[in-house]
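Comments concern the structure below.
Bear in mind that the values in this text are calculations on the coordinates, not laboratory data. Note that the structure is a prediction, hence the values are computed from the model and not measured. As a convention, Cβ positions derive from the backbone with ideal geometry for all residues, glycine included, and neighbour counts pool all protein chains shown.
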Amino acid sequence: MLEALAYPFFQRALLAGLLVSLLAGLLSPFVVQRRLSFLGDGLAHAAFAGVALGLFLRGEPLWFALPFTFVVALAITFVKERTELSEDTAIGVFFALSVALGAVFLAKAKGYVGDAMGYLFGSLLAVGPEDLWALGLLALLGLFLLPLWGSLAYATLDRELALADRLPVVIHDYLLSGFLAVSLVLAVKVVGVLLVAAFLVIPGATARLLSPTFARMTLLSLLLAALSTLLGLLLSFLLDWPSGASVVLAQAGFFALAFTKWLFPHGK
């Protein structure tokens, strides 16, 4: 580990991964409890379309992916709130649209298709010094989520009662969708588009198996997200694996341990 820390690219990847994991770990319990896993997949494909658009226009892909994914997240929430369509139907529509647009943009980005591989699977080398500043500024957005945690948790556990208490549940739904979009785009460089949705699901799912309360679930999700990022990036460095796959495999390992403990709570 000390040898890996001597390399500047690994230092940048580790810092970026920890910044993203803290935001993703905070959001993951909401994704799990609200059953928004498919939303993560839909937004991941929206991020792919944004990255492809950036490559097509010869710009920084993440700066195109961020607003594109954010708009798609709000659009999905808008369709769900204003129509009788279920959320998974709304997600499916924008999922297909994003994949189609991404395919078109990528086909037109001649000479830049190879650059897309780092965004699809994640790469330690993809995180540059300028990315850290951007990630740090965007990750600060997570601080604005903390004062809303109680209201979001209330609506997550009992939406009807939260509405009866006149909490701005719909507004909070839009905010949560926006935060999910931002965290997904932030995680793309470390985890990759294809696996970024898992970054928002597995820590919360693991914590759910081990936690009796939502507050403890959130704290454990934060810890697991950070630990799996640290372990995954180390595996990526030592074994020359894609960083995204390594992080998700580390998360899956923690989930397997938690599932075993859940099946055999008394060590039987």
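Which helices (runs of 4 or more DSSP H) sit wholly inside the range 92-184 and have at least 3 residues that are in contact (Cβ under 8 Å) with a residue 24 or more places away in the chain? First the steps, then the outcome.
Working: elements: 113-121, 129-139, 149-157, 159-164.
It comes to 113-121, 129-139, 149-157.
Do you know which residues across the range 7-39 are among the charged types (D, E, K, R) and under 18 Å from Ser177 (Cβ atoms)?
Answer for the range 7-39, where residues must be among the charged types (D, E, K, R) and under 18 Å from Ser177 (Cβ atoms): Arg34, Arg35.
Scan the range 68-111 for residues that are buried (at least 16 other Cβ atoms within 10 Å of the Cβ) and aromatic (Phe, Trp, Tyr) and jot them down.
Correct list: Phe68, Phe70, Phe94, Phe95, Phe105.
Search the range 224-248 for residues that are free of Cβ contacts under 8 Å to residues at least 60 places away in the same chain and pair each with any residue that is aliphatic (A, V, I, L, M) and not in a helix (DSSP H, G or I) when their beta-carbon atoms are under 6 Å apart and the residues are at least 6 apart or on different chains.
Val248/Leu195
Leu180: of a type outside the set (Gly, Ala, Ser) and under 20 Å from Ala73 (Cα atoms), yes or no?
When the stated conditions are applied, Leu180 passes them.
Looking at Phe95, Phe179 in this structure, which one is within 17 Å of Phe30 (Cα to Cα), under 17 Å from the mean Cα position of the chain (by Cα) and aromatic (Phe, Trp, Tyr)?
The match here is Phe179.
Could you tell me which residue of the range 247-268 is surrounded by the most Cβ atoms within 10 Å (Cβ to Cβ), considering only residues that are closer than 15 Å to Leu18 by Cβ and out of contact with any Pro (no Cβ under 7 Å at 6 or more places or on another chain)?
Checking each candidate, the answer is Val247.
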